[in-house]
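Just below is one structure, and these are the notes that go with it.
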Amino acid sequence: MRTVLLAAALSLLVPVRQGAQARTARTPWLLFPLDVRSFDRVSSKFGMRKMHGRRALHRGVDLVAPRGSLVVAAREGRVADTGRARACGWYVTVEHENSWRTVYCHLRSDPRRLGIALGLRVPAMGVVGEVGSTGHSTGPHLHFTLLDDRGEARDPMLALYTPAETLEVLKRMGLAR
Ligand SMILES: [Zn+2]
């Protein structure tokens with residue numbers, strides 16, 4: 001596996017969300033899933049939006065970064081799925097200890113080329129891929145989905161630390177300057 005940036009111990013700092021939680025309150029427990037230095041902007045939020053003339057649920061959040069930017073696991077977990085899907089393109093799904101899952105879409109290439117295999121344990125901030133534009137995508141970005149323990153999509157922005165907060169967490173752990 002390519003670069004493992006951080007120790008799994010990082011997760012000790014971050015409280016695990018349990019099944020029942022407010023749907024609207026922001027309670028971050030996931031680190032920002034991109035190399036924060038290359039993150040540009042959120043181009044599309046979670047929720048209903050018009051797609052191809054019809055209203056449909058955008059099941060994740062779109063995070064813009066240059067092609068090739070590192071995509072990292074938002075929390076430690078195990079690779080539960082990886083492959084290529086029509087809309088999602090090359091993707092990786094990571095399952096966390098509370099059965100919630102995070103999905104990383106539109107990756108540049110087959111994650112298996114980076115050593116990402118089914119069942120692999122990944123630490124928080126471990127590289128799972130590179131930003132690309134595979135699948136239904138109009139330009140390089142990471143589509144990040146958060147699924148609860150019943151497989152229902154939740155708003156990732158309520159669960160994610162911002163890039164600045166993520167950097168703060170890493171600094172406190174002595175893992176960034
Ligand atoms: Zn998207």
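What follows draws every value from the coordinates through simple rules; no lab data is involved. What you see is a predicted model; the values in this text were computed from it and never measured. Positions of Cβ are generated from backbone atoms using ideal geometry, with glycine treated the same way; all protein chains shown enter the neighbour counts.
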Exercise for review: Taking the residues in segment 49-75 that are touching a residue at least 12 places away in the same chain (Cβ under 8 Å) and of a type in the set (Gly, Ala, Ser) as candidates, determine which candidate is nearest to residue 30 (Cα to Cα).
Suggested key: 74
Exercise for review: Only one of these is of a type in the set (Gly, Ala, Ser), within 16 Å of residue 106 (Cβ to Cβ) and assigned to a loop (DSSP other than H, G, I, E, B): 38, 43. Name it.
Suggested key: 38
Review point. So how many residues does segment 94-113 have that are part of a strand (DSSP E or B) and either within 15 Å of the ligand (Cβ to nearest atom) or in contact (Cβ under 8 Å) with a residue 60 or more places away in the chain (or both)?
Key: 6
Review point. Out of segment 112-140, which residues are surrounded by 21 or more Cβ atoms within 10 Å (Cβ to Cβ) and either among the basic types (Lys, Arg) or under 14 Å from residue 62 (Cα atoms) (or both)?
Key: 131, 132
Check your understanding: Given the structure, is residue 139 farther than 12 Å from residue 89 by Cα, within 12 Å of the ligand (Cβ to nearest atom) and among the small types (Gly, Ala, Ser)?
Key -> yes
Exercise for review: Identify all residues within segment 141-160 that are part of a loop (DSSP other than H, G, I, E, B) and surrounded by 19 or more Cβ atoms within 10 Å (Cβ to Cβ); write none if there are none.
Suggested key: 159
